[in-house]
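K.L.:
Below is one structure. I have some questions about it.
The values are calculated or read from the model by the stated rules, or taken from the named source; none is laboratory data. All figures in this text were calculated on a predicted structure; none of them were measured in a lab. Virtual Cβ from ideal backbone geometry, glycine too; neighbours counted across all protein chains shown. Protein only, heavy atoms only, side chains kept; ligands, DNA and RNA dropped before computing areas. Shrake-Rupley method; radii C 1.70, N 1.55, O 1.52, S 1.80 Å.
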Amino acid sequence: MSPAASFSIKAEKGRFVYQTLQSKAQTTQDSILQLLRDRAIEHRSFYIVNAILVKGTRELAETLAARPDVARIEGNPQIHNDLPQPGPVEEAGSGRQTPATVEPGINYTHAPQIWALGFTGQNVVVASADTGVRWTHNALMPHYRGWDGVTANHNYNWHDSIHDSVGNPCGNDSPFPCDDFFHGSHTTGTAIGDDGMGNQIGMAPGAQWIGCRNMDGGNGTPARYIECMEFFLAPYPINCTPNEGDPSKAPDITINSWGCPASEGCSANTLQAAVEAQGAAGIQMVVAAGNSGSACSTVSDPPAIYAASYTVGALTTGTDTIASFSSRGPVTVDGSNRIKPDITAPGTNTRSATNAGDNLYTTASGTSMATPHIAGAMALLWCALPSLQHQITDSRDALNNTAVFISSTQCGTAGPPNNVYGWGRVDIAAAVGTPSPTATPSPRPTATGTPSACGPTASPTPTATATGTATATATPTATATATATASSTPRPTPTPRFAPTPRPRPTPPPRP
């Protein structure tokens, strides 16, 4: 993917990555796919990791494993993410008074100071990879890329990777955004939410969002996670396939408040190629460190372990103290000894949207809640400093170098960075700096897409999502992945306050 770095425009980066990976998958998977078709075996091809999801017998797995063009066979069991649980549900304006100020975590990261400069995330698209999104929620609907204020068009803006659930309130292959738990609505809200009536729950309320459901009430599989990452690399219309993907409609940033444990389907490198492909395409994956603390080396699940993931630890909101549950480094599962997390943000008692109703909110705690704070901070950074857009390393350096450093020797040297706080607590005001007279570029067009022959026409009115949160776990089926071997008004742009020479990033030892 390295040639993608030579392209300055994100759409060109994405198109190169998309076409290169598709070409490689087609040339290396053809004979296996033909075998599966000839035997009428259920399967799905993935290009982003050059793998094939196959549902079959042990005998078939052994047959595939014996082939010289198959690198390895991995299981694809359902993974139950131990997601944060919601607190009591409240209705805005009743019970609790409508908030007069923004939420504490948003204040503590100094996002309102950037709003005051006129930068709220305009022209940036943030994607939710989670339990889905209640798109009709008052704090989310105005910011959905598929909603123009009159008509909904979910083409290129939503995908459901849940195809075989049993008893899920959202069903299977939902044609519109639906949240079967609450978690996805909550994390999306913390990144971009604002109902315009005092519920300022999001870091970047001027940004837009799109979504992909990758968990069935908290149950994921490697294939579900991969399918959503593939959709984000090149979104495609409802009822279409990745062959109709359009990289120009890819999001800028993705929220990933989930993990894929090695014990339940993911080896250390199962998702690595997919994460790195998104990075090569200029998409920043922001990832939760996990809630397995407080011991060291508890950042252990993909995708949090990867260098290409911007991994987030959780602070006790309002303080610079790590939350007890927040996972720590170093990463040992892959032998890298990599320092993780990369950065920290508020993650306890976070108030945000819920799936239970369009005017309902709840609180939750976890690195899941810290992660969208960082996704929103990146959206503000790219809005205020367009020269950093899709420059992944430079953008991470900008946030890292201006973070409030918090020393800790609990899991290694004090840093910066260290294995408890990373580079420290994000301070988006410090990263952006003060205004200069340079104007921002023109807004890019809204990428809602036109109805496609393989997708439905636009919906004239919002479709209500399911409100239930109870889920039924489907009976696991024996599946496996066979991996083929690969031969607005212009606003002033501030100048950054961070030093031109970034603090050195640690170089991990080579992977074995």
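K.L.:
If you place +1 on the Cβ of every Lys and Arg and -1 on the Cβ of every Asp and Glu, how big does the dipole about the Cα centre of the stretch 117-234 come out, in debye to the nearest 20?
P.N.:
Rounded to the nearest 20 debye, it is 220 debye.
K.L.:
What pairs from LYS10/LYS55; LYS55/LYS340; LYS13/LYS55; LYS10/LYS340 go past 30 Å between their alpha carbons?
P.N.:
LYS10/LYS55; LYS55/LYS340; LYS13/LYS55
K.L.:
Separate question: Per residue, how much accessible area does the stretch 223-276 have with a 1.4 Å probe, in Å²?
P.N.:
23
K.L.:
At 1.4 Å probe size, put ARG58, ARG425 in order of accessible surface, largest to smallest.
P.N.:
Result of the area sort, largest leading: ARG58, ARG425.
K.L.:
Among 242-253, 283-294, 30-41, 139-150, how do they line up by average Cβ neighbours within 10 Å per residue, starting with the highest?
P.N.:
Answer by packing, highest mean first, reads 283-294, 242-253, 139-150, 30-41.
K.L.:
Now, a different point. If you consider only alpha-carbon coordinates, what radius of gyration and Dmax does the stretch 27-186 have, in Å?
P.N.:
My reading of the Cα-based Rg and Dmax gives 22.1, 65 Å.
K.L.:
What relative contact order, as a whole-number percentage, does the stretch 111-219 give when Cα pairs under 8 Å and 6 or more residues apart are counted?
P.N.:
Relative contact order of the stretch 111-219: 43 percent.
K.L.:
Return the carbon/sulfur percentage of the accessible area of the stretch 140-217, one whole number, probe 1.4 Å, all protein chains in place.
P.N.:
55
K.L.:
Another question about this same structure. Skipping prolines and chain starts, which residues have an amide H placed within reach, meaning under 5 Å, of the one on VAL124, given they are 5 or more residues away or on another chain?
P.N.:
For VAL124, the qualifying residues are GLN208.
K.L.:
Any idea of the accessible area per residue across the stretch 1-74, 1.4 Å probe, to the nearest Å²?
P.N.:
It amounts to 55 Å² per residue over the stretch 1-74.
K.L.:
Still on this model: Could you work out what % of the accessible surface of the stretch 269-420 is carbon and sulfur, using a 1.4 angstrom probe and leaving DNA, RNA and ligands out of the count?
P.N.:
48
K.L.:
What does the extension gain come out to for ASN269 and GLU90, with contour length at 0.36 nm per residue minus their alpha carbon separation?
P.N.:
Value of the extension gain: 60.3 nm.
K.L.:
Could you check what % of the DSSP bridge pairs in the stretch 251-387 are antiparallel, to the nearest 5?
P.N.:
35
K.L.:
Order of 408-416, 322-330 by packing, highest average Cβ count within 10 Å first?
P.N.:
Going from most to least packed, we get 322-330, 408-416.
K.L.:
Arranged from highest to lowest average of other beta-carbon atoms within 10 Å per residue, in what order do the peptides 216-224, 105-113 appear?
P.N.:
216-224, 105-113
K.L.:
Could I ask something else about it? Determine ³J(HN,Hα), in whole Hz, for all residues of the stretch 319-327 in sequence, where each value follows from phi through the Karplus function 6.51 cos²θ - 1.76 cosθ + 1.60 and θ = phi - 60°; x replaces Gly and Pro.
P.N.:
Once rounded to whole Hz, the list reads 9, 9, 10, 5, 5, 4, 7, 5, 5.
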